[in-house]
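The values are calculated or read from the model by the stated rules, or taken from the named source; none is laboratory data. Since the model is a prediction, treat every value here as computed from it, not as a measurement. Here the Cβ positions follow ideal geometry from the backbone for every residue, glycine too, while neighbour counts run over all protein chains shown.
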Amino acid sequence: MSLAKTYTIRCPKCEQEQKVALYDSIHVAQEPALKTALLENRLNRVECDSCDANFRVDKPVLYHDADRNILIHWMPDTACSRDEIFDTFDEAMDELRAALPEGAEPPRVRLVFSRVELVELIFMMEAGMEERVVEHIKYTLHVQNMNQLPPAQKQLLLNVQDSTADELLFAVRNLETEELEQLLRYPRAAYRGIQKMYRDNPDEFMELFPGPHISAREVLMNEPGADSPITN
Ligand SMILES: [Zn+2]
């Protein structure tokens with residue numbers, strides 16, 4: 001069951017405090033309308049009682065799709081540090097393992113830090129694409145275009161819906177302005193080639209992207225010699 005709780009939130013515009021119901025977890029197999037709300041950026045949105053502000057409250061949300069056995073933790077890194085997030089995530093994983101019935105197939109569990117990452121990942125998983133292959137492609141695109149695509153400032157997002165049988169479409173998102181600036185096309189045949197490498201020999205990919213947050217940007221920015229600490 002999806003869970004909402006009451007939170008006291010301060011309006012960012014007029015600073016009025018109000019009590020609002022916000023979702024802690026959404027179970028989209030039972031309540032597909034909540035998935036639509038998430039995709040349309042309406043989930044956990046608040047309309048201020050005393051002014052005209054309409055804003056999204058970014059708080060941890062657990063996305064669960066029981067039909068596909070997918071579990072994604074959305075833990076915004078605006079409020080707390082990455083270390084705190086990983087600790088909270090590990091605790092949630094322990095609870096999950098303890099709660100699983102014996103012999104049950106454990107879900108694919110992922111961690112994301114932003115709504116755009118969450119939406120990208122949902123479409124990717126639903127299309128049956130390998131996240132580590134997609135991130136491997138992003139990694140290469142960043143490395144080959146360091147001047148145009150510095151990972152500290154630009155984020156590549158796979159647009160599954162607008163990709164074709166021949167080409168994958170990646171949007172370049174400016175992390176400062178949050179605007180989509182550009183589209184990159186990548187041959188799907190090359191994706192299949194890397195996917196074959198991954199299936200034949202997953203170790204290299206697992207080592208580069210151990211998870212639970214599978215991200216080319218994160219890998220690049222934590223590499224020795226990266227010029228700035230990770231920001232998002
Ligand atoms: Zn207000």
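When the stretch 15-50 is limited to residues that are within 16 Å of the ligand (Cβ to nearest atom) and loosely packed, with under 13 Cβ neighbours inside 10 Å, the one that is farthest from the chain's Cα centre (by Cα) turns out to be S50. Looking only at the stretch 173-212, residues that are β-branched (V, I, T) and in contact (Cβ under 8 Å) with a residue 24 or more places away in the chain come to 1 in all. When Y7 is tested against (1) within 16 Å of the ligand (Cβ to nearest atom); (2) part of a loop (DSSP other than H, G, I, E, B); (3) surrounded by 13 or more Cβ atoms within 10 Å (Cβ to Cβ), exactly one condition is not met: (2).
Taking each residue of the stretch 47-59 that is in the same structural domain as I26 (by TED's automatic domain parsing) and looking for partners that are among the small types (G, A, S) and more than 9 Å from the ligand (Cβ to nearest atom) with beta-carbon atoms closer than 9 Å, six or more apart or interchain, yields D58/A79; D58/S114; K59/A79. Do the conditions hold for L121, that is, is it under 17 Å from the mean Cα position of the chain (by Cα) and not in a loop (DSSP other than H, G, I, E, B)? Considered against the rule, which asks whether it is under 17 Å from the mean Cα position of the chain (by Cα) and not in a loop (DSSP other than H, G, I, E, B), L121 comes out as yes. Where strands (runs of 3 or more DSSP E) sit wholly within the stretch 147-232, those with at least 1 residues that are touching a Phe, Trp or Tyr at 6+ places or on another chain (Cβ under 8 Å), within 27 Å of W74 (Cα to Cα) and not aliphatic (A, V, I, L, M) occupy 154-159, 167-174. Taking (1) free of Cβ contacts under 8 Å to residues at least 60 places away in the same chain; (2) touching a strand residue (DSSP E or B) at 6+ places or on another chain (Cβ under 7 Å); (3) within 23 Å of G211 (Cα to Cα) in turn, F89 satisfies each apart from (1). Restricting attention to the stretch 95-118, the residues that are modelled with pLDDT under 85 and in a helix (DSSP H, G or I) total 5.
Annotation note: of L157, L208, the sole residue that is among the aliphatic types (A, V, I, L, M) and under 17 Å from the mean Cα position of the chain (by Cα) is L157. Of the candidates A104, A66, the single residue that is in contact with a strand residue (DSSP E or B) (Cβ under 7 Å, 6 or more places away or on another chain), small (G, A, S) and more than 16 Å from the ligand (Cβ to nearest atom) is A66.
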